[in-house]
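**Q** This is the structure I want to talk about, given as structure tokens.
The values are calculated or read from the model by the stated rules, or taken from the named source; none is laboratory data. On a predicted model such as this, the values are computed, not experimentally measured, just so you know. Please note: Cβ atoms are built from the backbone with ideal geometry, for glycine as well, and neighbour counts cover all protein chains shown.
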Amino acid sequence: MGKKQSKMACLMGNEGFILANEVDKIRAERLKYNLSMQGVNIVEIRIGRGEKIKDEYEEEFDKVLLDTPCSGEGRFIYNEPLTYKGWSLREVNRLSNLQKKLIESGARVLKKGGTLVYSTCTLNYEENEKIVEYACTNLGLKLDKIDIDFKVNNFVDEKKEGMIKIMPSKDMEGFFISKLKKL
């Protein structure tokens, strides 16, 4: 916990401001502890629902990382039923509705010209490409080129600049990343 925030703080030279949102108070305390152990002092931890951030910080951020709750299909292991026990179409639909609310909030707090990175650890269209399409159609965002040279065999070319899907393998979990710019 805190790996992404630590990496961002490192890239920023531990200067500036990062707002990390966590719904769970206990997880927020663990995050705060882990970041302090790493010497990260530019992260403020907000406890609350991510959908509500838009009410507090309108167009205040240059960049937003939206690592959303998801159905976790990229973490399924076929011979370990506990990894997919909670999966259902109903849960995918519930999560995609939540993801729409979260990306709306993320788009609203983002400054014009800013970058929003949307990521999940799932592989389905409903929680990935459909959410990105929704953001591009309704929220004033557009796909932006991702300049990362992936050296993995399970990379899937999404045929759209700005989206990457990595299929799970014995070496890594699967995930989805998209990069969007606010117009």
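**Q** When you check VAL117 against the structure, is it among the β-branched types (Val, Ile, Thr) and touching a Lys or Arg at 6+ places or on another chain (Cβ under 6 Å), yes or no?
**A** Considered against the rule, which asks whether it is among the β-branched types (Val, Ile, Thr) and touching a Lys or Arg at 6+ places or on another chain (Cβ under 6 Å), VAL117 comes out as yes.
**Q** Considering only the range 74-91, state which residues are of a type in the set (D, E, K, R) and free of Cβ contacts under 8 Å to residues at least 60 places away in the same chain.
**A** GLU80, LYS85, ARG90, GLU91
So that you can scan it fast, the table gives a plain yes or no per residue for (1) touching a helix residue (DSSP H, G or I) at 6+ places or on another chain (Cβ under 6 Å); (2) surrounded by 14 or more Cβ atoms within 10 Å (Cβ to Cβ):
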| site | (1), (2) |
| --- | --- |
| LYS3 | no, no |
| CYS10 | no, no |
| ASN41 | no, no |
| ARG49 | no, no |
| ASP55 | no, no |
| ASP62 | no, no |
| LEU65 | no, yes |
| SER71 | yes, yes |
| GLY74 | no, yes |
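**Q** When you look at GLU29, is it farther than 22 Å from SER6 by Cβ, of a type outside the set (S, T, N, Q) and part of a helix (DSSP H, G or I), yes or no?
**A** no
**Q** Out of the range 51-83, which residues are in contact with an Asp or Glu (Cβ under 8 Å, 6 or more places away or on another chain) and farther than 23 Å from LEU19 by Cα?
**A** Matches in the range 51-83: SER71, GLY74, ARG75.
**Q** For GLU126, only one of the following conditions fails: (1) at pLDDT below 95; (2) under 18 Å from the mean Cα position of the chain (by Cα); (3) farther than 29 Å from ALA9 by Cα. What is its number?
**A** Among (1) at pLDDT below 95; (2) under 18 Å from the mean Cα position of the chain (by Cα); (3) farther than 29 Å from ALA9 by Cα, GLU126 violates only (1).
**Q** Of (1) at positive phi; (2) outside the structural domain of ARG27 (by TED's automatic domain parsing); (3) in a loop (DSSP other than H, G, I, E, B), GLY39 satisfies all except one. Which?
**A** All conditions are met except number (2).
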